[in-house]
Every structure is written in structure tokens, then in C-alpha cells.
Amino acid sequence: MARLILVFNKKVIKDYAFEKEGMTIGRNQENDIVIDNLAVSGFHARIDKTADTYILTDLQSTNGTFVNDKKIVSHRLQHKDKITVGKHMLLFAMSKQEQSRAEEEGLDRTMVLDTARQKELLAKQAEEKGVDIVVTKEKIGVISFVDGSDQGEIQLSKKLTKIGKAETSEVRLGGLLMPSTAATISRRPNGYAITSTGGTKVKVNNQVIKESYFLKDFDIIEIGSYKFQFYTQEREDEK
Amino acid sequence: MRITAAALSDTGLTRGGNEDYFSIDNSTNLYIVADGMGGHLAGEVASRVAVETIKKNVNHWVTNDSPEDELFDFPDRSLSKRANYILSSIKLANRLIHEMAKEFAEYKGMGTTVGVLGILPSIAIAANVGDSRIYLIRGDTIEVLSKDHSMVTEQVELGLISKEEAENSPLRHVLTRNLGSLDTVDVDVFEIEPMNNDRFLLCTDGLTDLVSDEEILTVVKNGDDPKPLCQQLVSEANKRGGHDNITVSLIFVKKQQDVSQGITRRFWHLFKGE
């Protein structure tokens, strides 16, 4: 349960427990929190409780309602907020339970952490768990021809590498039966995948592949009379 | 190539408003979802600005066949031209949202995730920032073509927590990247060769928080019309509490069955007697 502590001239006057769905603040005796001071309007402000949140609303008072020295019309109260009406101050305090619930709810809403705080948090966690944070270098795929053709090694520097007869292919293969695109190798979130695009058989480790196959280091790929090996290596820093 | 696409956005069961936004552009085969964040109406503004900016610019560049070097920011040489259009439009949207958030008090702190899919006959491009996902459903498999930019993903990658712990972590909604927070943004882009009968799903975390990949696969394969399947996906999330806005977009690809592949293609005219 939340509490409201009425303070005047740095002295605590009264401590109110928030036992209802709503509480009103004002000079009129019908209010839940009565403040007998001319700077306070008859019905000055109200606080409503919905689920775990407390909403403070100014009731168009003459002198206004302030939270942490800022004038508000309506405001979602946080633990330790200072509400000022006239010369009186009300300190809003949530119970431990409510505080942790509010915190959880806050986290349930999507938010972004800046890079510095991300690193701080991860480093702290790693320390607690005794894990060393090692930044692994990004790996890049390479295909190496083993069929005696003069293609040599080709780095898969594109996200999508087309293999076939077409001039626009990143890896050009000849031969009468070679289609314009025989296969593609794409770099995906889970690694490199080779896709047979039809027209000719694509074999990986002597097995004809249907559609896609995730490549592992040292897999042997055969397309037509061509044969090459796939492997990954650490990317050299560019520039 | 024939593409059928549908999308649906639902407020869910507990949120007051819908901060998600989506778009389907059949002229450029461009599909976008975004999940906005920020107080009052700012989240809704951020997701809408992102989607409209990306759609408008990609459309403009495609129409003009703009050279890659004339786009916003530097092109990525490992990507196709169309992928660079998408990449550049996302970076532009980021700058725009960032400037708006800086300029106007009511937009302070606003941001959005974004998931973009572009399809050409020989290439499908998936680009994302934040935790909105792009799935490829091919045959009986489901594969994520995007990266979650969230704290829990980093924690899992560093071996600090397990995948199970990640699902229940209080940090699961804390992103490491979005559009709007900083004046520049890193975008993850993937390219694949689309195959006949490929199905793509773009969605916000309102779905993936509550419905597993396997369950998504089952629903997506449960028919051939994307529209009712979108409704089924949203219903699944709402059945489990619908604690967030839910947006899904399904894109089904049909490629003409090639009688004329490889050798037959080159001699087809002879067979036909032309």
C-alpha cells in the first residue's frame, strides 16, 4: 500500500495510507487529505489508483499542482515523488512490493540501452559468473577449387553468391550443361547455406542436395565437372 | 513470379493503443513491420514515420533506378543494389526519427524497431533493426532471417545465460539498437535466393514472445491463403494473454515451374519448332 506524507515547513504533519481507489486533496473538509491553507483550492487535486499505478490529476486549481517542482496537469506517480500544493508538500511513497512491481512493469515496456550501459551491464554479469568476454572475429566463407581448374580460391564476400554460367555470377562456371545460375551460397544468421536452383545436380559430400543445405567447414561441393571445398576463416580487417 | 501477401495488426488484450505499424507495397514487392516505443503517442509516430519513409524512398529509387552512390549514406558493397536501397532507406528513417525526437519535446525518447522484406525474382532481402523478426518457411523448416538486437540475445551469445533463461529474463524487452536513439544505426541485412513455395513471415515481438517457432510453422503451413493465417497467428498470441501489440505479415511466393531450366531452356525453341 502506498503512503502520502504531508510536510509543512520541513515538519511532518500527517501520514496518510492509500486505502481507497481514489483520494482527493484540498481545503474543503470533504477531501480525504484536508490542507487548511488559503493557497490551496477547495478541491485542489486527486490521486487515482488503477492496478499498480497511481495517477495524480490537478483539478484546475488556482495555484496549480507541482511534482518535483514541475507543474503538472496529470502525472503517473513514482516512488519518492514530491507533490507540492500551495506551501505544503506531500511525499509519495510506495511499498517495497509496489516498487518492484512498478520496476518490472517498466522493463516489460520496450526500451533501448545505450552502448555504454550495455557494456557495463554485460561486463558486470560476466564478472559475477566468472566468464571472460571474448569478442570473436567475424568469419568469412571461402571456396577452394580442387578439380584442377584455374579458379583457385574465392572469398564469399557478398551476402549472396551466385554460381553459374551467367556473366553476373560471382563464381562463373563453364560447360554446355551449366545453367546460368546453378546454385547460390547465402550468408544467413546461422551460417552459410548453399541452395540448388535447379537445372543441374548439386552435390555436397557426394549427396545430391534438395533446396538448401547449411555448409560446414571442409564440405566438398560438386557442380557439373567442378569440385570445390568450403571452409571459413577469420576475416582480415579491411582498410 | 506471383506473390500473395496479407498483414494484420492487433492491439492485443492489455495495451491501450497500438504502436505497431505495417505496409504492403505490391509495386516494389516491399513488406514492412515496425514496433514503436515512447510515451503518449510518440511510439505510434515513430513506427509510422519509419514505415512510410522506407516505403517512399525505396519506391522512388526503384522508379528512378538510382545509382547506389547517390543514396543516403555509403552503400554496402557486399549487397545487391536493391538491398542497398532498403539499407539506405532504413538509415534515412533512423536519422529522421532521431531529429524529430530531438526537436520536439513530445517526441523525446521515441523510437521503433523495423523488419523489412524485399523480393525480386532472383533475390529476397531481409533487413532488420531491433527485435521484430523475419522468418523463412521453406518446406517443413522454419528459419530466422533476421537478428534480434536485444540484451538477452547478447547475453546468450556471450554464454552468460541459457536460451531458457532468456525467455523469462526481465531484460527481454531491452533492445541494444532501434531507429531513433542515435543519429546512425547498424542494420543487419541478409540475402537469399527465393524458391518456389517459399513463405515469409514478418512479425513484432507481440507474436514471438508468446508463440514458439514450431507453433508458427504449424499455423503458416495450415492453408494457402495468407489472410486467414494472419488472423490465426494473432489469435494464438491473444489466447496466451496478448500482453503486447501483435503485427504479422505473411508473404507467399510462387515461381513459375520451369520447364525450361538448364539445357532444355537453351534448346527449348528448337523443340517448339521456332
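Coupling constants for the range A:33-42 follow from the phi torsions by the Karplus curve (6.51 cos²θ - 1.76 cosθ + 1.60, θ = phi - 60°), and in residue order they are 10, 9, 10, 8, 8, 5, 6, 9, 6, x Hz; glycine and proline get x. Relative contact order for the range B:1-103: 20 percent, from Cα pairs under 8 Å spaced at least 6 residues apart, divided by residue count. So which of A:158/A:210; B:55/B:254; A:124/B:147; A:162/B:227 end up more than 26 Å apart, counting from Cα to Cα? Going by Cα-Cα distance, A:162/B:227 fall outside the 26 Å limit.
Note on chain B: GNM, Cα springs under 10 Å; of B:103, B:164, B:236, the largest mean-square fluctuation is that of B:164. Could you list the residues of the range B:39-68 with an amide nitrogen less than 15 Å from a label point located 7 Å from the Cα of residue B:99 in the Cα-to-C-beta direction? Under cut-off, by backbone N: B:49-50, B:53-54, B:57.
Remark: mean inter-chain Cβ contacts per residue of B:192-198 equal 5, using a 10 Å Cβ-Cβ cutoff to other protein chain atoms.
Determine, from the Cβ-Cβ distance of residue B:218 and residue A:225 and an R0 of 51 Å, the FRET efficiency 1/(1 + (r/R0)^6), rounded to the nearest 0.05. Calculated value: 0.75.
Can you tell me, using C-alpha contacts under 8 Å and at least 6 residues apart, the relative contact order of chain A as a whole percent? Dividing the mean separation by the residue count of chain A yields 11 percent. Buried surface for the B/A pair, taken as the accessible area of each chain alone minus that of the pair with a 1.4 Å probe, is close to 3700 Å² in total. The phi-based Karplus calculation (6.51 cos²θ - 1.76 cosθ + 1.60; θ = phi - 60°) puts the 3J(HN,Hα) values of the range B:182-187 at 10, 7, 10, 9, 8, 10 Hz, whole numbers, x for Gly and Pro.
A Förster radius of 60 Å, combined with the Cβ-Cβ distance separating residue A:12 from residue B:163, puts the computed FRET efficiency at roughly 0.75. For chain B, a Gaussian network of Cα nodes joined below 10 Å ranks B:111, B:12, B:39 by mean-square fluctuation, and the top entry is B:39. All other residues with a Cβ under 15 Å from the Cβ of residue B:188 taken together, and with Lys, Arg as +1 and Asp, Glu as -1, what is their net charge? Net local charge, residue B:188 excluded: -2. The alpha-carbon of residue A:87 sits under 17 angstrom from the alpha-carbons of these lysines, leaving out residues fewer than 8 places away in its chain: A:10, A:11, A:14, A:70, A:71. GNM remark for chain B: springs join alpha carbons under 10 Å apart, and the peak mean-square fluctuation among B:190, B:104, B:200 falls on B:104.
What the range B:26-133 shows is 40 Å² of accessible area per residue, with the surface traced by a 1.4 Å probe over protein heavy atoms.
Based on Cα contacts under 8 Å between residues 6+ apart, the range B:1-43 shows a relative contact order of 28 percent. For chain B, the fraction of 1.4 Å probe accessible surface lying on carbon and sulfur atoms is 50 percent. For the segment B:36-47, counting C-beta atoms of other chains within 10 Å of every residue's C-beta and taking the mean gives 1. Peptide A:194-200 has a mean of 4 when you count, residue by residue, the C-beta atoms of other protein chains within 10 Å of its C-beta.
The values are calculated or read from the model by the stated rules, or taken from the named source; none is laboratory data. All values reported here derive from a predicted model rather than from experimental measurement. Neighbour counts run over all protein chains shown; Cβ positions are idealised from the backbone, glycine included. The accessibility values were calculated without ligands, DNA or RNA, using every heavy atom of the protein model including side chains. Shrake-Rupley method; radii C 1.70, N 1.55, O 1.52, S 1.80 Å.
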